[in-house]
Each structure stands twice: as C-alpha cells, then as structure tokens.
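Colleague: The structure is given below, and queries will be raised subsequently.
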Amino acid sequence: MTDEIKAYCMKCKAERVVSNVAIVTMKNGRPAAQGVCPVCGTKMFKFLPKAKAPVAESAPAAEPTAPTEQQNPA
Ligand SMILES: [Zn+2]
C-alpha cells in the first residue's frame, strides 16, 4: 500500500494525487516518486523527503542510536 503522493501537474496547473506511483531512488540516494497525472496523464515527478521513504528494501541497516553511554550530560 502506497501513500498518496501529491505533485504539481504542469499541464493541469494544479496539484494532483499522483497516479501509478512508483518509488524510485536517485543516483544521489534520494527517494523520489514517479507517476502520472490521473486527469491528463502527464508524467509527474516529485522528490520525497528521506524520512518518508516508504520502501526499505535497499536501505542500509540503520543502527539504532541507543544512548548506551551518556558521555556529556549537558
Ligand atoms: Zn494533469
């Protein structure tokens, strides 16, 4: 299940919920959503914030930043 992603359609000059969304990863590692406008069919593209990347397939195993030792209790 994919979250609805809104992007601005250049052709409709309006914000649309992207249809046929596919999450892709840019060469620089940034996630982006690709899809088409549900109204006119124009291709749409939108960068996604890293925090909201829905797919975790190729994501590196994030180390849990558990506070094991408090070095500098400010
Ligand atoms: Zn459109």
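Colleague: Once phi is turned into θ = phi - 60°, what whole-Hz ³J(HN,Hα) does the Karplus curve with 6.51, -1.76 and 1.60 give for every residue of the stretch 30-37, x standing for Gly and Pro?
Modeller: Computed from phi, the couplings for the stretch 30-37 are 7, x, 8, 10, 10, x, 10, 5 Hz.
Colleague: I'd like the FRET efficiency for residue 50 and residue 11, computed as 1/(1 + (r/R0)^6) with the beta carbon distance as r and R0 of 22 Å, rounded to 0.05.
Modeller: The value I calculate is 0.15.
Colleague: With N set to the number of residues, divide the alpha-carbon radius of gyration of the stretch 6-50 by 2.2 N^0.38 Å and report two decimals.
Modeller: Here the answer is 1.12, to two decimals.
Colleague: So, one more: Can you list residues whose amide H is under 5 Å from residue 44's amide H, if they're 5+ apart or on another chain and H is modeled 1.01 Å from N?
Modeller: Those qualifying (amide H under 5 Å, at least 5 residues apart or on another chain) are 35, 36, 37.
Colleague: Please compute the length gained on full extension between residue 65 and residue 43, using 0.36 nm multiplied by the number of residues separating them and subtracting their Cα-Cα distance.
Modeller: 4.0 nm
No lab work stands behind these numbers, since they all come straight from the coordinates. Worth saying up front: this structure is predicted, and the values here are computed from it rather than measured. Cβ sites come from the backbone with ideal geometry, for glycine too, and all protein chains shown count toward neighbours.
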